[in-house]
1. Checking residue A:126 against (1) surrounded by 14 or more Cβ atoms within 10 Å (Cβ to Cβ); (2) within 12 Å of chain B (Cβ to nearest Cβ); (3) under 28 Å from the mean Cα position of the chain (by Cα), only one condition comes out false. Which one?
2. Hey, could you check the range A:9-23 for residues that are within 11 Å of chain B (Cβ to nearest Cβ) and without any contact (Cβ under 8 Å) to a residue 24 or more places away in the chain and say which is nearest to residue A:292 (Cα to Cα)?
3. Just need a number here: residues in the range A:1-45 that are farther than 17 Å from residue A:66 by Cβ and at pLDDT below 75.
4. Go through the range A:176-218 residue by residue and tally those that are touching a Ser or Thr at 6+ places or on another chain (Cβ under 7 Å) and among the polar types (S, T, N, Q).
5. Check B:66, B:109, B:61 and return the single one that is within 14 Å of chain A (Cβ to nearest Cβ) and more than 25 Å from the chain's Cα centre (by Cα).
6. Taking residue A:225, is it part of a helix (DSSP H, G or I), at pLDDT 80 or above, of a type outside the set (Val, Ile, Thr) and in contact with a Lys or Arg (Cβ under 9 Å, 6 or more places away or on another chain)?
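The values are calculated or read from the model by the stated rules, or taken from the named source; none is laboratory data. Note that this is a predicted model, so its numbers are computed, not measured. Note: ideal-geometry Cβ built from the backbone for every residue, glycine included; neighbour counts use all protein chains shown.
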Amino acid sequence: MLSFVAQRVLKGVIVLLAIVVLNFFLIRLAPGDPAVVMAGEAGASDQVFVKQLREKFGLDKPLPEQLFIYVKGVATLDLGFSFRQQAPVSKLILERLPATLLLTLTAFAISLALGILFGTFAARFAGTWLDTAVTIFALIFYAMPIFWVALMGILLFSVTFDWLPSFGYDTVGGNYTGFAHVIDVAKHLIMPAMTLGLFFMATYTRMTRASMLEVKRLDFVKTARAKGLSDAVIQRRHVLRNALLPVVTLAGVHSGTLIGGAVITETVFAWPGIGRLMYDALLQRDYNLLLGVFVICSAMVLIFNLITDLVYRLVDPRIEFAS
Amino acid sequence: MKQFWKSMLRSPSGVIGLIILLFAIAVAVFGPMLFPNSPWRMVQRPFLPPFTLSTVPLGTDALGRDVFAGMIFGARVSLLVGLISTLVALIVGVPIGAMAGYFGGNVDDALMRFTEFFQTIPSFALAIVLVAILQPSIYSIVASIAVVSWPPVARLVRGEVLSLRTREYVQAAVVTGQSNTWIILREILPNALSPVIVLASLMVATAILLESSLSFLGLGDPNLISWGYMVGAGRTVIRQAWWITVFPGVAILISVLGLNLIGEGLNDALNPRLSREGR
């Protein structure tokens, strides 16, 4: 198990390194001489300053050396400086990371819980109108663009009914403390998390349903039934447990999509996470910040994949030693 | 072929999906001829609510532009970007998958590591970065969607080729001294086609969603109106004018739904064994 973890971590580090190298070349592809762009962003574009910047960031050195400097920088969490925001990129990202983690993890939990629930339900009543209804709902949610779901949520729950706040992380000037603050944040979290979660909920519903129906036909379920176990016990202990394996795999595959969805959701709801930061960087064409967020997003996906891999080993002991 | 259409038309989701797609294609092709109103031109007062004037049935946006005209012209962009980027992704993914599966060994290892690398990168974030760096245009959008969507194709094709390679008829072709290219193109790929077609139909749907998300964030082609752009533009005035965001979103929803349904219908028609297992 330990060697498996080490192997996976090593692989992750290699992939991350490759992403950092890719990132380096993407920065070079960005329009404009980086030093001139930086000088312009800092508000002074005389020749001396540009030359200084070029020396400071090693832009006068040959490309391989520049690459080495860049990789070394990323390894020590130095992702460059954002002249637009007048702060180091890594500091900006670290400030925003907790909000994104709160949003994505809540959305993930909601989508997995509801998806498994609805999927089990649909499989239990397979072929009836209940099954059809769940399937149609899942299909529709699966086809809705996230930004549109977000706006429709605002239209319905903020504009029409005035139940939930439509933007932000907490009430501006609310000055809530302790438990009242938690409630305030939770109120702001409901809509973004549901928006982000619905799309994935649809996926998990379909996956759970298909997987349950497949496992149901296997021999060990017949054996369990022959032993005289009750239907509920068979469903819960025998079918669901085995049917969840592909769902776990899917959750790992989807972590990248989850981050992408967070960019959109945070933009619409003005949620102060790294997705929103990416959108701001995009609007201002702040390439250092944009690519910094990109590297961190990739790292998050790698970590998430590693975790799902480990969970997969835990829930399915059959393959623990196979690799 | 006849058999295929028969089973496709027997699956309800396939039929509904086909009807939706044909309708969307008809709108994209003939719509602009029937409604020559340019979607960029101011035709009425701003914020005209829908269903008040028959000439602008879905109202106008913040600049007095016809929402209905925008939806009709937007269909072109969405379908075109969806189809072409999927096509490009297939052009990249199929050869990589076929070579990996056919040659195996080190070639397979190298190509699959390469594919996995692209699969780990968060796709939407990469698409944003690529379009931002290459500057938004229809070409950069198609290119970046293709870049993020080819890996599943390569993996699928590799798997298919891997199992087909050991079949007797392929071995026979090897023995008769056919070239590798000929064997891959004429013997193996035609038999690996059906799952690729199913995947491609779902990829068009995903590509439409991706394009609309990019346009929504302001990364659309500035010269072409698209549904995502319209929703993005209406976003700030959603409290005064709900129709500007609602209608284009419905258009996206219906087209994506149609393509997903076609994917299901195709799956039932092309892999009858698989779909029966799913029940």
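1. So residue A:126 meets the others, but not (3).
2. Within the range A:9-23, the match that is nearest to residue A:292 (Cα to Cα) is A:22.
3. Residues that pass the stated criteria total 10.
4. 2
5. Exactly one of B:66, B:109, B:61 is within 14 Å of chain A (Cβ to nearest Cβ) and more than 25 Å from the chain's Cα centre (by Cα), namely B:109.
6. So residue A:225 fails the test.
Residues are listed down the side, and each one gets a yes or a no for (1) more than 17 Å from the chain's Cα centre (by Cα); (2) within 12 Å of chain A (Cβ to nearest Cβ); (3) surrounded by 22 or more Cβ atoms within 10 Å (Cβ to Cβ); (4) over 30 Å from residue A:262 (Cα atoms):
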residue	(1), (2), (3), (4)
B:129	yes, yes, yes, no
B:151	no, yes, yes, no
B:165	yes, no, no, yes
B:183	yes, no, no, yes
B:224	yes, no, no, no
B:232	yes, yes, yes, no
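Residues checked against (1) among the aromatic types (Phe, Trp, Tyr); (2) crowded, with 21+ Cβ neighbours inside 10 Å:
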{"site": "A:253", "(1), (2)": "no, no"}
{"site": "A:258", "(1), (2)": "no, yes"}
{"site": "A:265", "(1), (2)": "no, yes"}
{"site": "A:268", "(1), (2)": "no, yes"}
{"site": "A:273", "(1), (2)": "no, yes"}
{"site": "A:284", "(1), (2)": "no, no"}
{"site": "A:290", "(1), (2)": "no, yes"}
{"site": "A:294", "(1), (2)": "yes, yes"}
{"site": "A:308", "(1), (2)": "no, no"}
